[in-house]
């Protein structure tokens, strides 16, 4: 996990800023028909014709959002793209283009940036998005990444956070809490490594949760799955800050309340065993852990038969009148107000 | 210029991340008909109907791109937007939307971010662009800003860097070198301030060049001016890194050479006198200074009568066959190869 500091490395000052961009992006090609001009002019040019364009952006800062002592740069490049594509998919749109900006201090050699961009390239290939721009500059400390993702959708397909109605069912894709548990494993191994750098950790029992943290996948497939089921969600959001925080966003934007059932929250067995090992409450992890990049959405009750038993989706609750507020109904049938304990970088 | 550290300030940890975004953006409204959804969902939604969309992004890092000891935060917010709009105008497009992401360390109180966003708001108002998204997070050191700008244009109006032909005339808007000279004045005053904090500098002789550095304006007007003159440039780029570097970009992308005439380069009298005072060569400043945010473009020779004598534009040279290379023809008629000595953050 820790890079070999003795290899021959190329200093970034050996290349000009434009040479650097050219070098890092030379293998990227444009695949989307909406990409008219990519990297190499003052701006990218895109043609959305009769579609609507959607756009989202995120900043990722070393020491705040990621730790390079256990995050391989290729994974970081991949994850940086995922974080943003997830927002595009949460609009029920198709992601089409991204820009990637990166600032690094002079401790990073060219080879480190090549690793990062190889992760970006892999994400572009798998998710069929075009890298059409970005900026590359130096920082005074560490690495920071800014990604903007663009997508397209027919107007009628776009799903906002604001369309949920009382009695709509609350549905989540995949399972929750994995990314947070993976982070706990990695943090523990980092501490072990500090004490004994020769220790070779066996992470195999934790493969799933470590991958959820290091190499999350955005839910590109959900739009198609829902289309096949002939379901258009009434509201949708992606789960980046934790289930609790996202439910409260849907409630607030849609002016509704919500009951979510603790015993319905989908947890992978690896998450349950990791929570036992780390002596943390698995429900709390699912509610507040964050970084799962699953989609949370509401559907009309009449669509319940279409989704029932589908392995991709779990109905975890229902929306209520706004005055009823947002609550977790515990396994013991207690009604506990939901609070946003999602991750806050400032606290 | 230096903020009063004794005022009552509000720590960012007193607000949640969403409260902070809401607070900072509550006075922004959507004005553009292409802005369907702004801040408040997973992504912004835009409608470019039959227009093409253009997009550009830049990173600005404290200590690399700006110095808060003389850059007021409101100006910084304004300039951050200008830097990006300039790229949109360099495509001969109309800027329509921006996203602004900002990361700050905990030394910044809420009031500092309010100042920054007031500059962003002023830019949005004057330049008629909508703030439709962004990200707000903490950094481990200093302030960093990422802006993405979006615009729209009819396909036939878009001007790339690649369309220049031999014999086309090379034209620049406004005048050059001011921003670099302004920076020299500010750096000098900063050194004086370090020695004598009670010194009140008289910057009035330098108003123009200091404003060119602290509060540049992007050339929103050029598209309209050229339309009135019935000129469509054959290639265009904005001058962010210095005239020399931008000419070389046009030459490279268009596969042409260029002769640029030293005695034609437009310089404001304040720039000339500042260069004398600082004992720097004014031509070198214009060629390599950067941050002028003027537009550099080529036009067909037949359009010369339309532009001749126009106070907004100066013909500074002409394009040649690629094999002739890119040269500065000095006042003494020497032919000096142009080299990109534009600013490189890595060196």
Exercise for the section: Beyond 16 Å, what share of the Cα-Cα pairs of the range B:165-227 is found? Please give it as a whole percent. Expected result: 60 percent
Problem - Degrees separating the helix B:110-127 axis from the principal Cα axis of chain B, which is the longest one - result: 40 degrees
Problem - Rg [Å, one decimal], Dmax [Å, integer] - the range B:12-157, C-alpha atoms - result: 15.1, 51
Fill in the blank from the handout: Mean-square fluctuation maximum in Gaussian network of chain A, Cα pairs under 10 Å, restricted to A:310, A:196, A:27, hits A:196
Problem - Cα coordinate range in the protein assembly as shown, projected on the principal axes (Å, largest first) - result: 89, 56, 51
Handout entry: Pairs of alpha carbons in the range A:147-191 whose separation is greater than 14 Å (percent)
Key = 75 percent
Fill in the blank from the handout: For chain A, the Cα gyration tensor yields equivalent-ellipsoid semi-axes (√(5λ), largest first, whole Å) of 35, 27, 15
Practice task
For residue A:207, place a label point 7 Å out from Cα along the Cα→Cβ vector, do the same in each other copy, and report the separations in nm, one decimal, smallest first.
Solution key: 7.1
Practice task
Compute the Cα gyration tensor for the range B:158-301, then decide on rounded, prolate or oblate, letting a ≥ b ≥ c be the square roots of its eigenvalues: rounded whenever a/c is under 1.5, prolate when a/b is larger than b/c in the other cases, and oblate in all that remain.
Solution key: prolate
Exercise for the section: State whether the range A:254-299 is rounded, prolate or oblate according to the following rule on the C-alpha gyration tensor (a ≥ b ≥ c being the square roots of its eigenvalues): a/c under 1.5 gives rounded; otherwise a/b larger than b/c gives prolate, and the remaining case gives oblate. Expected result: prolate
Problem - For residue B:29, inter-copy label distances in nm, listed shortest first [label point 7 Å out on the Cα-Cβ vector] - result: 4.9
Problem - Ratio of the Cα radius of gyration of the range B:225-347 to 2.2 N^0.38 Å, where N counts its residues - result: 1.07
Exercise for the section: Report the Stokes-Einstein translational diffusion coefficient (µm² s⁻¹, integer) for the range B:27-89, Rh taken as the Kirkwood radius over Cα pairs, at 4 °C with viscosity 1.567 mPa s. Expected result: 91 µm²/s
Exercise for the section: Would you mind getting me the FRET efficiency between residue A:110 and residue A:301? Use the beta-carbon distance for r and R0 = 41 Å, nearest 0.05. Expected result: 0.15
Practice task
Would you please classify the overall shape of the range B:207-288 from the alpha carbon gyration tensor, given that a ≥ b ≥ c denote the square roots of the eigenvalues, rounded means a/c under 1.5, and beyond that prolate means a/b larger than b/c while oblate covers the rest?
Solution key: oblate
Practice task
Please report B:126, A:222 as a ranked list, fewest other C-beta atoms within 10 angstrom at the top and most at the bottom.
Solution key: B:126, A:222
Completion exercise
chain B: antiparallel bridges as % of DSSP beta bridges, rounded to 5, reads 80 percent
Problem - Nearest-first distances (nm) between copies at residue B:335, label 7 Å from Cα via Cβ - result: 8.7
Practice task
Using a Förster distance of 25 angstrom, determine the FRET efficiency expected from the C-beta separation of residue A:208 and residue A:122, and round it to 0.05.
Solution key: 0.80
Exercise for the section: Could you list B:111, B:189, A:230, A:291 in order of exposure, starting from the residue whose Cβ has the fewest other Cβ atoms within 10 Å? Expected result: A:230, B:111, B:189, A:291
Practice task
List B:245, B:288, A:118 from most exposed to least, where exposure is judged by having the fewest other Cβ atoms within 10 Å.
Solution key: A:118, B:288, B:245
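All of the numbers you see were taken from the coordinates with simple rules; none came from a lab. Since this is a predicted model, take the numbers as computed values, not measurements. All Cβ positions, glycine included, derive from the backbone under ideal geometry; neighbour counts span all protein chains shown.
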